[in-house]
Amino acid sequence: MINEQLIRPNSIVVVGGSNNIRKPGGNLLHNLIKGKFAGKLYVVNPREEIVQGVKSYHSVDDIPATELAVLAIPAAFCVDTVKVLAAEKGVKAFIIISAGFGEQTHEGAIAEERIIDIANEYGASVIGPNCIGLVNSYHHSVFTSPVPELHLDGVDLISSSGGTALFVMEAAMLKGLRFNSLWSVGNARQIGVEDVLAYMDRHFNPETDSKIKLIYVEFIKDPDRLLYHASSLIEKGCKIAAIKSGTTESGSRAASSHTGAIASSDSAVEALFRKAGIVRCYSREELATVAGAFYLKEMQGKNFAIVTHAGGPAVILSDALSKGGLMVPPLNEDVAAELRAKLLPGAATSNPIDILGTGTANDLEIAIDYCENRFDEANAIAVIFGSTGLGKISDALEVIHRKMESCRKPIFPILPSIINASEEVNAFIQKGHVNFSDEVELATAVSRIINTPKPACNIVDSAGVDVHRIRQIIDNTDETGYLKPETVQALFAAAGIEMVREVVTADKKEILENAPQIGFPLVAKVVGPVHKSDIGGVVLNIKSEQHLSLEFDRLMKLPDAQAVMIQPMLKGQELFVGGKYEERFGHVVLCGLGGIFVEVLQDVASGLAPLSMNEAMSMIRSLRAYKIIKGTRGQQGIDRQKFAEVIVRLSILLRYANEIKEMDINPLLATDKGIVAVDARVRLEK
């Protein structure tokens, strides 16, 4: 619950404020004073009468009525302090920077819960505990430094970790990034990342609010809420980038000891972010670089023009862009020749455009103008310009500044000379620009942005899936664990997913009688063991009844064998589609190449059920194997529309059958006649 007293308090008390600015309470008070808090400011310190020029009270019992309290005292005293402030002093908002709660001990978790109970009883907001505080244009209630100068067009940073927030700010400020607010939610017992996003979404004003949100989150408490409000903000014109940590066993252990967080699987996080339209980052530098790219004009394609006076970084950038799925197309030969004639002898103009180390600011301006007006294929311009230490580059940076203001195409400034030309680069940043000092960091950031899909539509067509029939099958089955083949077939029929014709029986006579109808050559598989291939439970290319008879006898002798399945022997591209139920997230749907490639290549895309056709197509295009799926080197591609349709149908099946905890179709076979499920496993838990 976020209220007005937390955002815009008329009065603040710092409990534990001191004259020592090297202590949290002292530096927090110092930041409030330096930030020119306009309301009434009080301090509670039992040993001081005046603290940093502010009257100090010896006890919270003595202070006047106050709206916001910031606690910088040992955890053991926090519960009683909150009780007095909420019940007797009318405090409606708390920022608790104290640590030693649920992130450390069971007793601390109980104290934390008691604080929240008290706050909820009196209708108060609580940030923390175990946080660095809150910074906005009204008050700087944070005990760390630096506190960035705030701007309305700056970014909003929401972080589970105070230290991470601080280090993200440092990285971002070096790039010229501005800030509008900082929310450090700590243990997030009452107010978490989802609550802050919800508040920003509900109160969003496109004229005055920041349109860039950065998130560092260790525990996603309510994925549906995060999805809804992140998508809503993005649809209102915002851009959001986030790091989610704690997706591995060791990361989970570290997160648990830090904020008491619980891990989410990486595929679930990836699926959630893709559905919401959140750009996923993996480091603080990457998050800051993505935010810097957000500030620039939006690219309308994937093609870059590169202008430089240093050939090597341009080559590095070209490689990095290509690896990220972006392109550096050649400039038209006639236009390139025309441009070459206007530059110094030896200049390269094919793209990258190298004006040479002796190129002037005028040469730079000519090259940028050609990229803007004569290079139709280019959607953006990267300008790499540094200093050798032999002279000033102010004129060149002034050209970049003017062109960033006037060109319709976004210009990405890569100014690597942060020592040789620190004065000039800082002056450039002071004009409101960002600087990307490393070309690979920039390429990675832009590729993450370009390859992140737009938020998915909340309304998903049932695509002809018979939901009623699916529920009937699930409700009426007594099976647990892996379902029998006939039950799987019934579910797939209801979902409209075509399965290869098959016969399943433990009767040898029945198998031999049905084999001619299935048609030789055929495949025989043991039914019962989960990993059939590992124990020799799959036999291909059976061409006669005699061969089938021998293999039937062998298969039925395998451990846990219950029956034998026969199917026609089909040829085609093996694909994979699957799903797994994740607590709080729902079903994560996966797709990729099938067969052994799923485990060997680990090239799998994920999405959150239910999926739309656009989401399914985006998942397919995000695969590294997409060139194979599309068709390459003379090989025919598969029917991608049909593949996407199977993914969508599977996602809807899972959406209405939460009892299904695991499912995979491997292989899903793409032939010249269509796409059929060849082998499937479905695990049910009621």
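Compared with the dominant Cα axis of the chain, that is its longest principal axis, helix 284-295 is turned about 80°.
Its Cα gyration tensor gives the range 304-450 an equivalent ellipsoid; the semi-axes, largest first and in whole Å, are 21, 19, 14. Averaging Cα coordinates gives a centre for the range 536-592 and one for the range 34-88; these two points are 68 Å apart.
The DSSP beta bridges internal to the range 56-178 are antiparallel in roughly 30% of cases. With a cut-off of 9 Å between beta carbons, the residues surrounding Glu372 carry a summed charge of +3, where Lys and Arg count +1 and Asp and Glu -1.
Can you divide the C-alpha Rg of the range 1-149 by 2.2 N^0.38 Å and report the result to two decimal places?
Taking N as the residue count of the range 1-149, the ratio is 0.94.
Bridge orientation summary for the range 4-130: considering DSSP beta bridges with both residues in this region, about 10 percent are antiparallel. Here the Debye sum runs over all C-alpha atoms of the range 573-684 as equal scatterers in vacuum, and log10 of I(q)/I(0) at q = 0.18, 0.19, 0.24 Å⁻¹ comes out as -0.83, -0.92, -1.45. Phi angles across the range 11-24 convert, under the Karplus curve 6.51 cos²θ - 1.76 cosθ + 1.60 with θ = phi - 60°, into 3J(HN,Hα) values of 8, 9, 10, 9, 8, x, x, 8, 7, 8, 6, 8, 9, x Hz, Gly and Pro given as x.
DSSP beta bridges confined to the chain are antiparallel in about 50 percent of cases.
How about the range 426-475: which trypsin sites (Lys or Arg not before Pro) there lie in a loop by DSSP and see at most 16 other Cβ atoms within 10 Å?
Numbers: sites: Lys431, Arg448, Arg469, Arg471; in loops: Lys431.
For trypsin sites (Lys or Arg not before Pro) across the range 426-475 that sit outside H, G, I, E and B with at most 16 neighbouring Cβ atoms in 10 Å, the list reads Lys431.
For the range 581-663, applying the loop criterion from DSSP together with a ceiling of 11 other beta carbons within 10 Å to the trypsin sites (Lys or Arg not before Pro) yields Arg633.
Taking the longest Cα principal axis of the chain as reference, the axis of helix 266-276 is set at about 70 degrees.
Along the chain, the longest continuous region that contains none of the GluC sites (Glu not before Pro) in a DSSP loop with at most 10 other C-beta atoms within 10 Å is 208-582.
Here the 3J(HN,Hα) profile of the range 668-676, calculated from phi with Karplus coefficients 6.51, -1.76 and 1.60 at θ = phi - 60°, is 9, 9, 9, 10, 6, 9, x, 10, 10 Hz, Gly and Pro shown as x. Rounded to the nearest whole Hz, the Karplus-based 3J(HN,Hα) values (6.51 cos²θ - 1.76 cosθ + 1.60, θ = phi - 60°) of the range 465-472 follow the sequence 6, 7, 4, 4, 5, 4, 5, 4, with x at glycine and proline.
For Ser606, what charge total do you get from the other residues with a beta carbon under 9 Å from its beta carbon, if Lys and Arg give +1 and Asp and Glu give -1?
On the way: positive: Arg274; negative: Asp266, Glu270.
Combined, the nearby Lys, Arg, Asp and Glu give -1.
Determine the sum of side-chain charges near His531: Lys and Arg each +1, Asp and Glu each -1, restricted to other residues whose C-beta is under 14 angstrom from that of His531. Around His531, the surrounding residues sum to -2.
In square nanometres and to one decimal, what's the mean projected area of the convex hull around the Cα atoms of the chain?
On the way: hull surface 145.1 nm².
Mean projected area of the Cα convex hull: 36.3 nm².
Using only side-chain charges placed at the Cβ, +1 for Lys and Arg and -1 for Asp and Glu, the dipole size of the chain relative to its Cα centre rounds to 380 debye.
Dividing the mean sequence gap of close Cα pairs (under 8 Å, 6+ apart) by how many residues the range 573-684 holds gives a relative contact order of 31 percent.
Read the figures in this text as sums done on the coordinates, not as results from a lab. Predicted model only: the values in this text are computed from it and were never measured. Glycine gets a Cβ as well: all are built from the backbone with ideal geometry, and neighbour counts include every protein chain shown.
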